[in-house]
1. Within the stretch 15-35, how many residues are closer than 28 Å to Arg74 by Cα and of a type in the set (A, V, I, L, M, F, W, C)?
2. For the list (1) over 27 Å from the mean Cα position of the chain (by Cα); (2) under 23 Å from Gly179 (Cβ atoms); (3) of a type in the set (Ser, Thr, Tyr), I need the number of the one condition that Tyr228 fails.
3. Considering only residues of the stretch 201-228 that are of a type in the set (S, T, N, Q) and either part of a loop (DSSP other than H, G, I, E, B) or touching a strand residue (DSSP E or B) at 6+ places or on another chain (Cβ under 7 Å) (or both), which is farthest from Asp133 (Cα to Cα)?
4. For the stretch 1-104, please list each of the helices (runs of 4 or more DSSP H) lying entirely inside it that holds at least 2 residues being surrounded by fewer than 20 Cβ atoms within 10 Å (Cβ to Cβ) and not charged (D, E, K, R).
Amino acid sequence: MSKIADLSHHQGIIDWSEASKELSLAILRVQDGSRVQDRQYQNYVAGAKKHGVPFGNYAFCRFVSISDAKKEARDFWERGDKDALFWVADVEVKTMDDMKAGTQTFIDELRKLGAKRVGLYVGHHTYKLFQADKIEADFVWIPRYGGKKPAYSCDLHQYTETGRLAGVKGNVDLNQLIGTKQLSWFLSKGEVKAAVIAKGKYRIYTGLFKSDAEAERQAQLIGTNLGYKPFAKERRVWTGVFNTLESAMTAQRKISQEFGFNPKIRQEK
């Protein structure tokens, strides 16, 4: 059991007694937009449960407006099995002008409905276009093939669309862990700790730079590359305010990986 595969009805009938021998995690498609339900989803859930394969749910998103994003999220929630360990917004195609707003609405609606953890799958070629770095999700999943790792910070890397899996006749998308989250994080059934998702005001700050000018330069670089409304003050770089600790931790990790800093988080009063 070492493979992480995402599966849809394109894989056809799966022999789960064989697939379960290789799978440590399956991510199952529930729908393609609101209009198309995955033909094999219920069969896959039954097979995964029978053979002890942990699974999450994902939905290919096709919303065209904020209201449509809410509707798609509600359809996803109603159709998805509630034993799923997590839920994923699969955003690959541009279907509305402000994809960031639509995606965030979709994710937030799932959380309101009861989803404990919601991830974001975003195309490597659309990451910047959709401003994915500014979307608040519990984990990020990016595809990139040909032996290349994603150029953007993520937790799951879909590294091939031509993988093989016992019990499946054709090709399978396979994934690998690439961030700081261990497999145990994805397999845990509890929600993100309350302290992590608690509402509040959080700000990220760096260590001291040699001069105010250097701090200002680094603030501009962070702003250009990642956003977060950074500013320089007393030889440090400070970000704008985050509303949850989870979103602040995500930004902290991205700043660290992108610039090699070791930034801290401070809760504002």
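1. Count: 5.
2. It is condition (1) that Tyr228 fails.
3. Top of the filtered list is Ser211.
4. Those helices (runs of 4 or more DSSP H) span 41-50, 66-79.
Laboratory data are not the source of any read-out in this text; all were calculated from the coordinates shown. Keep in mind the model is a prediction, meaning the values are calculated, not measured. Ideal geometry is used to build each Cβ from the backbone, glycine not excepted, and the neighbour counts take in all protein chains shown.
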